[in-house]
1. May I ask you to verify whether B:Leu65 is within 14 Å of another protein chain (Cβ to nearest Cβ) and surrounded by fewer than 22 Cβ atoms within 10 Å (Cβ to Cβ)?
2. Return the residue satisfying two criteria in turn: it lies in the stretch A:1-18 and is more than 16 Å from A:Glu72 (Cα to Cα) and more than 10 Å from every other protein chain (Cβ to nearest Cβ), and of such residues it is surrounded by the most Cβ atoms within 10 Å (Cβ to Cβ).
3. Could you tell me whether the stretch B:95-105 includes any residue that is surrounded by fewer than 20 Cβ atoms within 10 Å (Cβ to Cβ), modelled with pLDDT of 95 or more, assigned to a loop (DSSP other than H, G, I, E, B) and within 14 Å of another protein chain (Cβ to nearest Cβ)?
4. From the list A:Ala52, A:Ala48, A:Ala23, which residue is over 11 Å from the mean Cα position of the chain (by Cα) and crowded, with 16+ Cβ neighbours inside 10 Å?
5. If the requirement is being in contact with a helix residue (DSSP H, G or I) (Cβ under 6 Å, 6 or more places away or on another chain) and hydroxyl-bearing (Ser, Thr, Tyr), which of these qualifies: A:Ser15, A:Ser58, A:Ser11, A:Ser46?
6. Just the residues that are of a type in the set (Ser, Thr, Tyr) and surrounded by fewer than 16 Cβ atoms within 10 Å (Cβ to Cβ), please, taken from the stretch B:1-56.
7. Can you go through B:Arg67, B:Arg30 and tell me which one is out of contact with any Leu (no Cβ under 6 Å at 6 or more places or on another chain), assigned to a helix (DSSP H, G or I), under 28 Å from A:Glu47 (Cβ atoms) and basic (Lys, Arg)?
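The values are calculated or read from the model by the stated rules, or taken from the named source; none is laboratory data. Quick caveat, the model's predicted, so the values are computed rather than measured. Note that each Cβ is placed from the backbone with ideal geometry, even for glycine, and that neighbours are counted across all protein chains shown.
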Amino acid sequence: MAGNFARLEFSGSTSNLGLARVAGATFAGNLEFTLTEIEEIKVALSEAVSNAIIHGYSENPDGVVKVHFYEENRGMKIIVEDRGCGMDETKKKESDEERLGLGLTFIKAFMDEVKIDSQPGKGTRIEMYKRPARLEKLAAGDEK
Amino acid sequence: MILKEEVIGRSTIMLHITGDLDAHTADEFRQSLATVLERDIRKKNLILDMKNVNFIDSSGLGVILGRYRAIQMRRGKIIITSPQPHVKKILEFSGITRVVPVVSDKESARDLLEQKGVE
């Protein structure tokens, strides 16, 4: 039986950042994450969506950002997609300076797995996965 | 995002911030800090009260650090007070606390400024 999922589509406007975070937090709240882990998910999600809006679409509200949430193996998979300009190595460096280059750092620190697929002119897809730490500890205990 | 100003002593402005500090509010936050600092060049210290900040990410951090140099050139200090635990965690993780101290309240911020001899 497929796990729970939710999909959001919204315009490339930063006014939708709060919406994305609330949706992600609510979805995560149905799983076994602690409040701290949910806050980490909100930051990672906010960074990924900000990247899509600011760098993918240069804050063009005609752009569409898609966010998918999936329950997977009692954890949460998040996919953030845009069809914007994609990551160009040169531009990535300039944009990192504005936000201190921390966006991706936060995503990688707060999520257990991160996959980024980006091609100039074709857009960017960030896939992130996090599993409640409590379940990892239980699994480790079972293996002993 | 809502900002409320409080003047403290001769050289310090305290900003009480309510809301989220993200890419959506970054421009407004940046402009507000610039306005506050440009209005009076004698005000060289900035205390940011984050008690009512519910969320911060790299966009919000970038705005704070963006003012750091301007404050430094006035030989002043930026101090953050009362962040909620999850906000404090982001501040610490980012490393911004190495240059922007985080204290528990306004009195602690004032004590720190006096110790530094900048109040």
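1. Yes; evaluated as a whole, the condition is true for this residue.
2. A:Gly12
3. no
4. Of A:Ala52, A:Ala48, A:Ala23, the one residue that is over 11 Å from the mean Cα position of the chain (by Cα) and crowded, with 16+ Cβ neighbours inside 10 Å is A:Ala23.
5. Every option except A:Ser46 fails the conditions.
6. If the condition is that a residue be of a type in the set (Ser, Thr, Tyr) and surrounded by fewer than 16 Cβ atoms within 10 Å (Cβ to Cβ), then B:Thr18, B:Thr35 are the ones that fit.
7. The conditions single out B:Arg30.
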